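To keep things clear, I will list the structure first and then write my remarks on it.
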Amino acid sequence: MCDTCGCNITPGNREFAYKPVNGTTAVAVLKSLLARNDDQAIHNRQHFDRQRLLTINLMSSPGSGKTALLEATIDALRNEYRIGVIEGDLETENDAKRIRAKGVPAHQITTGSACHLDAHMVHEALHQFPLAELDILFIENVGNLVCPASFDLGQHRNVVLLSVTEGDDKPAKYPVMFRAADLLLLTKSDLLPLLDDFSPARAEANLRNLASTVPVMQLAARKALGLQPWLDWLRSELAWQRARVDRGETVRPRPQADGAQLHEAAK
Amino acid sequence: MHELSLCQSLIDQVQQLALTHGAQSVGLVTLKIGPLSGVEPVLMQHAYPFASAGTLAAESTLVIELAPLQVRCESCGAETEAEPSRLVCAACGSCHTQLVSGDEMLLMSVELITAEGSNHV
Ligand SMILES: Nc1nc2c(ncn2[C@@H]2O[C@H](COP(=O)(O)OP(=O)(O)OP(=O)(O)O)[C@@H](O)[C@H]2O)c(=O)[nH]1
Ligand SMILES: [Mg+2]
Ligand SMILES: [Zn+2]
Ligand SMILES: [Zn+2]
Ligand SMILES: [Zn+2]
Ligand SMILES: [Zn+2]
(Lines give C-alpha, C1' and ligand atoms only; values in the text may rest on other atoms or scores of the structure.)
(Ligands and ions follow the chains in the order given, each with its own letter.)
Protein backbone atom coordinates (compact mmCIF):
# COMPACT_ATOMS: atom_id res chain seq x y z
CA MET A 1 0.00 0.00 0.00
CA CYS A 2 1.20 3.51 -0.69
CA ASP A 3 0.06 7.12 -0.74
CA THR A 4 0.54 7.80 -4.42
CA CYS A 5 -1.93 5.36 -5.84
CA GLY A 6 -5.44 4.42 -4.95
CA CYS A 7 -4.81 0.87 -3.79
CA ASN A 8 -8.04 -0.08 -2.02
CA ILE A 9 -9.37 3.46 -2.20
CA THR A 10 -12.92 2.19 -1.76
CA PRO A 11 -14.46 -1.26 -1.53
CA GLY A 12 -15.78 -0.74 -5.06
CA ASN A 13 -12.28 -0.47 -6.47
CA ARG A 14 -10.80 -3.41 -4.72
CA GLU A 15 -10.85 -5.40 -7.94
CA PHE A 16 -8.42 -2.89 -9.52
CA ALA A 17 -5.99 -2.83 -6.65
CA TYR A 18 -2.53 -4.36 -6.55
CA LYS A 19 -2.62 -7.72 -8.29
CA PRO A 20 0.63 -8.94 -9.87
CA VAL A 21 -0.02 -10.90 -13.08
CA ASN A 22 3.07 -12.02 -14.98
CA GLY A 23 4.93 -9.00 -13.68
CA THR A 24 2.23 -6.61 -14.88
CA THR A 25 0.26 -4.73 -12.25
CA ALA A 26 -2.68 -2.47 -12.82
CA VAL A 27 -3.05 0.15 -10.11
CA ALA A 28 -6.12 2.29 -9.82
CA VAL A 29 -5.33 5.96 -9.34
CA LEU A 30 -8.56 7.97 -9.72
CA LYS A 31 -6.84 11.33 -9.55
CA SER A 32 -7.60 14.47 -11.49
CA LEU A 33 -5.03 15.47 -14.07
CA LEU A 34 -5.00 18.82 -12.28
CA ALA A 35 -4.49 17.26 -8.84
CA ARG A 36 -1.35 19.31 -8.15
CA ASN A 37 -3.12 22.55 -8.94
CA ASP A 38 -6.17 21.52 -6.93
CA ASP A 39 -4.06 20.70 -3.86
CA GLN A 40 -2.39 24.10 -4.08
CA ALA A 41 -5.82 25.75 -4.44
CA ILE A 42 -7.02 24.11 -1.22
CA HIS A 43 -3.97 25.55 0.53
CA ASN A 44 -4.68 29.02 -0.92
CA ARG A 45 -8.28 28.83 0.28
CA GLN A 46 -7.00 28.09 3.79
CA HIS A 47 -4.96 31.30 3.64
CA PHE A 48 -8.08 33.26 2.64
CA ASP A 49 -10.30 31.63 5.24
CA ARG A 50 -7.77 32.25 8.00
CA GLN A 51 -8.07 35.98 7.25
CA ARG A 52 -11.89 35.77 6.98
CA LEU A 53 -11.74 37.33 3.55
CA LEU A 54 -13.87 36.70 0.49
CA THR A 55 -11.95 35.90 -2.68
CA ILE A 56 -13.54 36.38 -6.08
CA ASN A 57 -12.14 35.27 -9.42
CA LEU A 58 -13.20 37.44 -12.37
CA MET A 59 -13.15 35.76 -15.77
CA SER A 60 -14.12 36.95 -19.25
CA SER A 61 -12.73 37.42 -22.73
CA PRO A 62 -10.14 40.18 -23.19
CA GLY A 63 -11.65 43.63 -22.81
CA SER A 64 -15.08 42.70 -21.38
CA GLY A 65 -14.61 45.26 -18.64
CA LYS A 66 -13.09 43.40 -15.67
CA THR A 67 -10.75 46.21 -14.65
CA ALA A 68 -13.43 48.85 -15.26
CA LEU A 69 -15.77 46.88 -12.98
CA LEU A 70 -13.09 46.75 -10.28
CA GLU A 71 -12.50 50.51 -10.55
CA ALA A 72 -16.21 51.25 -10.18
CA THR A 73 -16.53 48.73 -7.31
CA ILE A 74 -13.62 50.28 -5.42
CA ASP A 75 -15.16 53.74 -5.84
CA ALA A 76 -18.51 52.51 -4.52
CA LEU A 77 -17.23 50.44 -1.57
CA ARG A 78 -14.23 52.51 -0.57
CA ASN A 79 -15.69 53.48 2.82
CA GLU A 80 -17.26 50.11 3.51
CA TYR A 81 -14.61 47.45 2.82
CA ARG A 82 -10.87 47.06 2.42
CA ILE A 83 -10.30 45.72 -1.07
CA GLY A 84 -7.22 44.19 -2.70
CA VAL A 85 -6.65 43.02 -6.27
CA ILE A 86 -4.41 40.43 -7.88
CA GLU A 87 -4.13 41.08 -11.60
CA GLY A 88 -3.23 38.43 -14.17
CA ASP A 89 -2.08 39.46 -17.63
CA LEU A 90 0.28 38.06 -20.23
CA GLU A 91 2.27 41.30 -20.19
CA THR A 92 2.27 44.82 -18.66
CA GLU A 93 1.51 46.28 -15.25
CA ASN A 94 -1.28 48.42 -16.75
CA ASP A 95 -4.19 46.92 -14.86
CA ALA A 96 -2.39 46.92 -11.49
CA LYS A 97 -1.49 50.59 -12.07
CA ARG A 98 -5.14 51.42 -12.76
CA ILE A 99 -6.13 49.77 -9.47
CA ARG A 100 -3.32 51.40 -7.47
CA ALA A 101 -4.45 54.77 -8.84
CA LYS A 102 -7.61 54.13 -6.83
CA GLY A 103 -5.53 53.81 -3.67
CA VAL A 104 -5.99 50.07 -3.32
CA PRO A 105 -3.19 47.46 -3.06
CA ALA A 106 -2.69 45.59 -6.33
CA HIS A 107 -0.26 42.87 -7.30
CA GLN A 108 0.40 42.17 -10.96
CA ILE A 109 1.18 38.62 -12.08
CA THR A 110 2.59 38.62 -15.59
CA THR A 111 2.15 35.13 -16.92
CA GLY A 112 4.38 35.52 -19.99
CA SER A 113 2.94 32.96 -22.36
CA ALA A 114 0.44 31.30 -20.01
CA CYS A 115 -3.12 32.26 -20.92
CA HIS A 116 -4.55 31.61 -17.44
CA LEU A 117 -3.63 31.92 -13.78
CA ASP A 118 -2.95 28.78 -11.77
CA ALA A 119 -2.98 28.14 -8.04
CA HIS A 120 0.82 28.22 -7.75
CA MET A 121 1.10 31.69 -9.31
CA VAL A 122 -1.59 33.00 -6.98
CA HIS A 123 0.08 31.45 -3.95
CA GLU A 124 3.34 33.20 -4.75
CA ALA A 125 1.47 36.48 -5.11
CA LEU A 126 -0.51 36.19 -1.92
CA HIS A 127 2.57 35.74 0.20
CA GLN A 128 3.66 39.23 -0.93
CA PHE A 129 0.29 40.74 -0.22
CA PRO A 130 -1.31 42.33 2.88
CA LEU A 131 -4.06 39.70 3.17
CA ALA A 132 -4.63 40.41 6.84
CA GLU A 133 -5.68 43.96 6.00
CA LEU A 134 -8.39 43.02 3.50
CA ASP A 135 -12.09 42.17 3.45
CA ILE A 136 -12.44 41.29 -0.22
CA LEU A 137 -9.72 40.06 -2.56
CA PHE A 138 -10.44 40.14 -6.28
CA ILE A 139 -8.39 38.08 -8.70
CA GLU A 140 -8.69 39.37 -12.25
CA ASN A 141 -7.84 36.39 -14.43
CA VAL A 142 -6.23 36.59 -17.86
CA GLY A 143 -8.78 37.61 -20.49
CA ASN A 144 -9.70 34.23 -22.00
CA LEU A 145 -12.94 32.24 -22.13
CA VAL A 146 -11.25 28.84 -22.32
CA CYS A 147 -8.72 27.53 -19.83
CA PRO A 148 -9.04 29.84 -16.78
CA ALA A 149 -12.26 27.93 -15.99
CA SER A 150 -10.32 24.71 -15.35
CA PHE A 151 -7.83 26.05 -12.80
CA ASP A 152 -9.05 26.41 -9.23
CA LEU A 153 -7.11 29.27 -7.62
CA GLY A 154 -8.55 28.90 -4.13
CA GLN A 155 -11.28 31.52 -4.70
CA HIS A 156 -14.71 31.22 -3.14
CA ARG A 157 -16.72 32.48 -6.08
CA ASN A 158 -16.37 32.84 -9.85
CA VAL A 159 -17.84 35.88 -11.56
CA VAL A 160 -18.00 35.69 -15.35
CA LEU A 161 -18.43 38.85 -17.41
CA LEU A 162 -19.99 38.91 -20.86
CA SER A 163 -20.00 42.31 -22.57
CA VAL A 164 -22.93 43.00 -24.81
CA THR A 165 -20.67 43.52 -27.84
CA GLU A 166 -19.55 39.87 -27.71
CA GLY A 167 -22.84 38.26 -28.71
CA ASP A 168 -25.49 36.50 -26.63
CA ASP A 169 -24.48 33.03 -27.87
CA LYS A 170 -21.25 32.88 -25.84
CA PRO A 171 -22.62 30.69 -23.01
CA ALA A 172 -23.53 28.06 -25.62
CA LYS A 173 -20.11 28.30 -27.29
CA TYR A 174 -18.04 28.23 -24.09
CA PRO A 175 -20.01 25.92 -21.78
CA VAL A 176 -17.00 24.99 -19.62
CA MET A 177 -16.48 28.64 -18.69
CA PHE A 178 -20.10 29.70 -18.25
CA ARG A 179 -20.97 26.60 -16.23
CA ALA A 180 -18.31 27.73 -13.75
CA ALA A 181 -20.01 31.09 -13.09
CA ASP A 182 -21.51 31.75 -9.65
CA LEU A 183 -22.74 35.04 -11.08
CA LEU A 184 -23.02 36.24 -14.68
CA LEU A 185 -22.61 39.94 -15.36
CA LEU A 186 -23.74 41.35 -18.71
CA THR A 187 -21.42 44.34 -18.97
CA LYS A 188 -21.37 47.56 -21.03
CA SER A 189 -25.17 47.60 -20.92
CA ASP A 190 -25.07 51.30 -21.91
CA LEU A 191 -24.28 50.04 -25.42
CA LEU A 192 -27.42 47.87 -25.69
CA PRO A 193 -29.44 50.56 -27.53
CA LEU A 194 -26.72 50.65 -30.20
CA LEU A 195 -26.75 46.92 -30.80
CA ASP A 196 -29.70 45.33 -32.54
CA ASP A 197 -28.71 41.70 -32.03
CA PHE A 198 -27.77 41.27 -28.36
CA SER A 199 -30.70 40.01 -26.32
CA PRO A 200 -30.08 39.77 -22.56
CA ALA A 201 -32.97 37.29 -22.38
CA ARG A 202 -31.31 35.07 -24.98
CA ALA A 203 -27.95 35.28 -23.17
CA GLU A 204 -29.71 34.18 -19.99
CA ALA A 205 -31.57 31.37 -21.79
CA ASN A 206 -28.24 30.08 -23.13
CA LEU A 207 -26.89 30.08 -19.57
CA ARG A 208 -30.00 28.25 -18.25
CA ASN A 209 -29.44 25.59 -20.91
CA LEU A 210 -26.22 24.79 -19.08
CA ALA A 211 -28.33 23.84 -16.03
CA SER A 212 -27.15 26.97 -14.26
CA THR A 213 -29.55 28.78 -11.92
CA VAL A 214 -27.12 31.52 -10.85
CA PRO A 215 -28.11 35.21 -10.93
CA VAL A 216 -27.64 37.28 -14.10
CA MET A 217 -27.18 41.05 -13.80
CA GLN A 218 -26.75 43.88 -16.28
CA LEU A 219 -24.47 46.79 -15.58
CA ALA A 220 -22.30 49.48 -17.14
CA ALA A 221 -19.28 50.06 -14.93
CA ARG A 222 -18.00 53.04 -16.91
CA LYS A 223 -21.34 54.81 -16.51
CA ALA A 224 -21.95 53.58 -12.94
CA LEU A 225 -25.26 52.09 -14.17
CA GLY A 226 -26.89 49.07 -12.53
CA LEU A 227 -24.14 48.61 -9.93
CA GLN A 228 -26.47 48.23 -6.95
CA PRO A 229 -27.44 44.54 -7.36
CA TRP A 230 -23.77 43.65 -7.88
CA LEU A 231 -22.70 45.55 -4.76
CA ASP A 232 -25.49 43.88 -2.76
CA TRP A 233 -24.39 40.48 -4.05
CA LEU A 234 -20.84 41.23 -2.82
CA ARG A 235 -22.13 42.34 0.57
CA SER A 236 -24.15 39.19 1.10
CA GLU A 237 -21.37 36.94 -0.20
CA LEU A 238 -18.97 38.51 2.30
CA ALA A 239 -21.48 38.03 5.13
CA TRP A 240 -21.95 34.35 4.13
CA GLN A 241 -18.22 33.83 3.87
CA ARG A 242 -17.68 35.19 7.40
CA ALA A 243 -20.50 33.07 8.79
CA ARG A 244 -19.00 30.01 7.09
CA VAL A 245 -15.52 30.69 8.45
CA ASP A 246 -16.96 31.12 11.94
CA ARG A 247 -18.55 27.67 11.58
CA GLY A 248 -15.22 26.25 10.40
CA GLU A 249 -16.51 25.66 6.87
CA THR A 250 -15.44 26.84 3.45
CA VAL A 251 -16.89 26.86 -0.04
CA ARG A 252 -15.60 26.14 -3.50
CA PRO A 253 -16.79 27.91 -6.64
CA ARG A 254 -18.99 26.18 -9.20
CA PRO A 255 -18.88 23.58 -10.63
CA GLN A 256 -18.23 21.28 -7.70
CA ALA A 257 -18.27 17.99 -9.47
CA ASP A 258 -15.29 16.19 -7.98
CA GLY A 259 -17.45 14.11 -5.69
CA ALA A 260 -19.60 13.03 -8.58
CA GLN A 261 -16.50 12.34 -10.67
CA LEU A 262 -14.91 10.09 -8.13
CA HIS A 263 -18.22 8.41 -7.47
CA GLU A 264 -18.63 7.74 -11.17
CA ALA A 265 -15.04 6.61 -11.57
CA ALA A 266 -15.43 4.17 -8.73
CA LYS A 267 -18.43 2.46 -10.32
CA MET B 1 -6.74 23.44 -23.12
CA HIS B 2 -3.10 22.80 -22.23
CA GLU B 3 -2.73 19.28 -23.42
CA LEU B 4 1.08 19.20 -23.50
CA SER B 5 1.46 20.53 -19.96
CA LEU B 6 -1.39 18.28 -18.79
CA CYS B 7 0.46 15.35 -20.38
CA GLN B 8 3.63 16.38 -18.59
CA SER B 9 1.92 16.44 -15.21
CA LEU B 10 0.26 13.12 -16.08
CA ILE B 11 3.68 11.63 -16.85
CA ASP B 12 5.00 13.05 -13.54
CA GLN B 13 2.23 11.21 -11.69
CA VAL B 14 2.85 8.01 -13.64
CA GLN B 15 6.61 8.20 -13.21
CA GLN B 16 6.20 8.74 -9.46
CA LEU B 17 3.90 5.75 -9.25
CA ALA B 18 6.34 3.56 -11.19
CA LEU B 19 9.23 4.59 -8.94
CA THR B 20 7.24 4.03 -5.74
CA HIS B 21 6.30 0.56 -6.89
CA GLY B 22 9.73 -0.32 -8.21
CA ALA B 23 8.41 -0.86 -11.72
CA GLN B 24 10.78 -1.00 -14.69
CA SER B 25 8.31 0.33 -17.22
CA VAL B 26 4.71 1.21 -17.85
CA GLY B 27 2.10 -0.51 -20.03
CA LEU B 28 -1.33 1.03 -20.38
CA VAL B 29 -2.14 4.44 -18.93
CA THR B 30 -5.90 4.89 -18.81
CA LEU B 31 -7.64 8.25 -18.61
CA LYS B 32 -11.30 9.12 -18.46
CA ILE B 33 -12.15 12.38 -20.21
CA GLY B 34 -15.55 14.02 -20.43
CA PRO B 35 -16.71 16.50 -23.06
CA LEU B 36 -17.08 19.24 -20.41
CA SER B 37 -13.60 18.80 -18.96
CA GLY B 38 -12.02 21.31 -21.31
CA VAL B 39 -9.51 18.63 -22.35
CA GLU B 40 -9.28 17.61 -26.01
CA PRO B 41 -8.62 13.83 -26.21
CA VAL B 42 -7.05 14.01 -29.69
CA LEU B 43 -4.57 16.68 -28.54
CA MET B 44 -3.74 14.57 -25.47
CA GLN B 45 -2.92 11.63 -27.76
CA HIS B 46 -0.70 13.85 -29.93
CA ALA B 47 1.14 15.33 -26.96
CA TYR B 48 1.64 12.04 -25.09
CA PRO B 49 4.71 10.70 -26.95
CA PHE B 50 6.52 14.03 -26.48
CA ALA B 51 5.78 14.10 -22.76
CA SER B 52 6.63 10.44 -22.13
CA ALA B 53 9.89 10.30 -24.12
CA GLY B 54 12.86 9.46 -21.93
CA THR B 55 10.75 8.42 -18.93
CA LEU B 56 9.72 5.04 -17.51
CA ALA B 57 6.53 5.55 -19.51
CA ALA B 58 8.35 5.92 -22.83
CA GLU B 59 6.97 2.62 -24.17
CA SER B 60 3.54 3.05 -22.62
CA THR B 61 0.23 3.42 -24.42
CA LEU B 62 -2.29 6.09 -23.57
CA VAL B 63 -5.87 4.84 -23.51
CA ILE B 64 -8.60 7.48 -23.28
CA GLU B 65 -12.07 6.41 -22.25
CA LEU B 66 -14.61 9.00 -23.28
CA ALA B 67 -17.07 9.68 -20.50
CA PRO B 68 -20.65 10.14 -21.67
CA LEU B 69 -22.44 13.41 -20.98
CA GLN B 70 -25.31 12.57 -18.65
CA VAL B 71 -27.56 14.64 -16.42
CA ARG B 72 -29.97 13.70 -13.66
CA CYS B 73 -33.16 15.75 -13.54
CA GLU B 74 -34.16 17.32 -10.23
CA SER B 75 -37.72 17.75 -11.45
CA CYS B 76 -38.61 14.32 -12.85
CA GLY B 77 -35.66 12.18 -11.74
CA ALA B 78 -34.77 10.93 -15.23
CA GLU B 79 -31.15 10.31 -16.18
CA THR B 80 -30.61 11.33 -19.78
CA GLU B 81 -27.91 12.06 -22.34
CA ALA B 82 -27.10 15.71 -22.96
CA GLU B 83 -24.95 17.94 -25.15
CA PRO B 84 -22.26 20.35 -23.92
CA SER B 85 -24.33 23.44 -24.73
CA ARG B 86 -27.65 21.87 -23.65
CA LEU B 87 -27.59 20.24 -20.24
CA VAL B 88 -31.37 20.18 -19.87
CA CYS B 89 -33.41 17.08 -19.09
CA ALA B 90 -34.22 15.20 -22.30
CA ALA B 91 -37.35 13.75 -20.68
CA CYS B 92 -39.14 16.84 -19.35
CA GLY B 93 -37.04 19.80 -20.58
CA SER B 94 -36.22 21.10 -17.11
CA CYS B 95 -32.95 22.98 -16.70
CA HIS B 96 -32.71 21.95 -13.05
CA THR B 97 -30.30 19.09 -13.60
CA GLN B 98 -27.12 17.79 -12.05
CA LEU B 99 -24.23 16.55 -14.12
CA VAL B 100 -23.79 12.84 -13.42
CA SER B 101 -20.95 12.33 -15.85
CA GLY B 102 -19.13 14.42 -18.43
CA ASP B 103 -16.59 16.74 -16.80
CA GLU B 104 -14.04 14.12 -15.79
CA MET B 105 -10.33 14.46 -16.46
CA LEU B 106 -9.16 11.54 -14.42
CA LEU B 107 -6.14 9.32 -14.39
CA MET B 108 -7.97 6.04 -13.89
CA SER B 109 -5.25 3.42 -13.79
CA VAL B 110 -1.67 2.68 -14.66
CA GLU B 111 -0.27 -0.69 -15.66
CA LEU B 112 3.15 -1.16 -14.09
CA ILE B 113 5.59 -3.71 -15.45
CA THR B 114 7.81 -5.16 -12.79
CA ALA B 115 10.44 -7.87 -13.15
CA GLU B 116 9.27 -11.20 -11.75
CA GLY B 117 9.97 -11.48 -8.04
CA SER B 118 10.50 -7.80 -7.21
CA ASN B 119 8.40 -6.35 -4.46
CA HIS B 120 5.47 -4.02 -4.30
CA VAL B 121 6.48 -1.10 -2.08
N1 LIG C 1 -19.30 51.64 -23.10
C2 LIG C 1 -18.68 51.03 -22.09
N3 LIG C 1 -17.39 50.67 -22.23
C4 LIG C 1 -16.79 50.03 -21.21
C5 LIG C 1 -17.49 49.70 -20.02
N6 LIG C 1 -16.66 49.02 -19.20
C7 LIG C 1 -15.48 48.94 -19.85
N8 LIG C 1 -15.55 49.55 -21.06
C9 LIG C 1 -14.47 49.69 -22.04
O10 LIG C 1 -14.00 48.43 -22.47
C11 LIG C 1 -12.60 48.47 -22.69
C12 LIG C 1 -11.94 47.36 -21.90
O13 LIG C 1 -12.19 47.53 -20.51
P14 LIG C 1 -11.28 46.87 -19.41
O15 LIG C 1 -11.87 47.18 -18.10
O16 LIG C 1 -9.84 47.24 -19.62
O17 LIG C 1 -11.48 45.33 -19.78
P18 LIG C 1 -10.73 44.06 -19.15
O19 LIG C 1 -11.71 42.95 -19.17
O20 LIG C 1 -10.12 44.42 -17.86
O21 LIG C 1 -9.60 43.80 -20.25
P22 LIG C 1 -8.32 42.77 -20.13
O23 LIG C 1 -7.80 42.87 -18.72
O24 LIG C 1 -7.37 43.28 -21.13
O25 LIG C 1 -8.86 41.42 -20.47
C26 LIG C 1 -12.13 49.85 -22.26
O27 LIG C 1 -11.99 50.63 -23.40
C28 LIG C 1 -13.25 50.34 -21.39
O29 LIG C 1 -13.39 51.75 -21.39
C30 LIG C 1 -18.86 50.12 -19.91
O31 LIG C 1 -19.55 49.91 -18.91
N32 LIG C 1 -19.40 50.76 -20.99
MG1 LIG D 1 -8.15 44.14 -17.19
ZN1 LIG E 1 0.28 1.10 -4.19
ZN1 LIG F 1 -4.32 28.76 -20.41
ZN1 LIG G 1 1.10 29.32 1.79
ZN1 LIG H 1 -36.85 15.91 -16.19
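The values are calculated or read from the model by the stated rules, or taken from the named source; none is laboratory data. For clarity, every value in this text was computed on a predicted model and none was experimentally measured. Positions of Cβ are backbone-derived with ideal geometry, glycine not excepted, and every protein chain shown enters the neighbour counts.
Some points to look at:
- Breaking point among (1) farther than 20 Å from residue A:150 by Cα; (2) touching a residue at least 40 places away in the same chain (Cβ under 8 Å); (3) within 13 Å of the chain's Cα centre (by Cα), for residue B:114: (3)
- The numbered conditions (1) more than 9 Å from chain A (Cβ to nearest Cβ); (2) assigned to a helix (DSSP H, G or I); (3) within 16 Å of residue B:108 (Cα to Cα) are all true for residue B:26 except (2).
- Looking only at segment A:62-92, residues that are surrounded by fewer than 18 Cβ atoms within 10 Å (Cβ to Cβ) and within 16 Å of ligand 4 (Cβ to nearest atom) come to 3 in all.
Per-residue answers, yes or no, for (1) under 27 Å from residue A:135 (Cα atoms); (2) in contact (Cβ under 8 Å) with a residue 40 or more places away in the chain; (3) hydroxyl-bearing (Ser, Thr, Tyr):
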| position | (1), (2), (3) |
| --- | --- |
| A:175 | no, no, no |
| A:179 | yes, yes, no |
| A:200 | no, no, no |
| A:208 | no, no, no |
| A:216 | yes, no, no |
| A:234 | yes, yes, no |
| A:242 | yes, yes, no |
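- Selection status of residue A:145, in contact with a Phe, Trp or Tyr (Cβ under 9 Å, 6 or more places away or on another chain), within 14 Å of chain B (Cβ to nearest Cβ) and within 16 Å of ligand 1 (Cβ to nearest atom): yes
- Residue B:8 vs. criteria touching a Ser or Thr at 6+ places or on another chain (Cβ under 7 Å) and either within 30 Å of residue B:115 (Cα to Cα) or outside any helix (DSSP H, G or I) (or both): no
- Residue count for segment B:29-40, restricted to those that are more than 8 Å from chain A (Cβ to nearest Cβ) and of a type outside the set (Ser, Thr, Tyr): 5.
- Test: residue in segment B:3-17 that is over 17 Å from the mean Cα position of the chain (by Cα) and not acidic (Asp, Glu): yes
- Residue list for segment A:81-125, restricted to those being touching a residue at least 40 places away in the same chain (Cβ under 8 Å) and over 17 Å from residue A:58 (Cβ atoms): A:82, A:120, A:123
- Consider segment B:49-87 and keep the residues that are polar (S, T, N, Q) and in a loop (DSSP other than H, G, I, E, B). The one that is farthest from residue B:23 (Cα to Cα) is B:75.
- Among residues of segment A:119-150, those that are at pLDDT 95 or above, surrounded by 22 or more Cβ atoms within 10 Å (Cβ to Cβ) and closer than 17 Å to residue A:42 by Cβ, counted: 4
- Selection from segment A:110-168 of residues that are closer than 24 Å to residue A:78 by Cβ and within 11 Å of ligand 4 (Cβ to nearest atom): A:141
- Highlighted here are the helices (runs of 4 or more DSSP H) found entirely within segment A:150-262 that include at least 1 residues which are under 18 Å from residue A:61 (Cα atoms): A:170-173, A:175-179, A:200-208.
- From A:31, A:19, residue being touching a strand residue (DSSP E or B) at 6+ places or on another chain (Cβ under 7 Å), more than 16 Å from ligand 4 (Cβ to nearest atom), modelled with pLDDT under 90 and not in a helix (DSSP H, G or I): A:19
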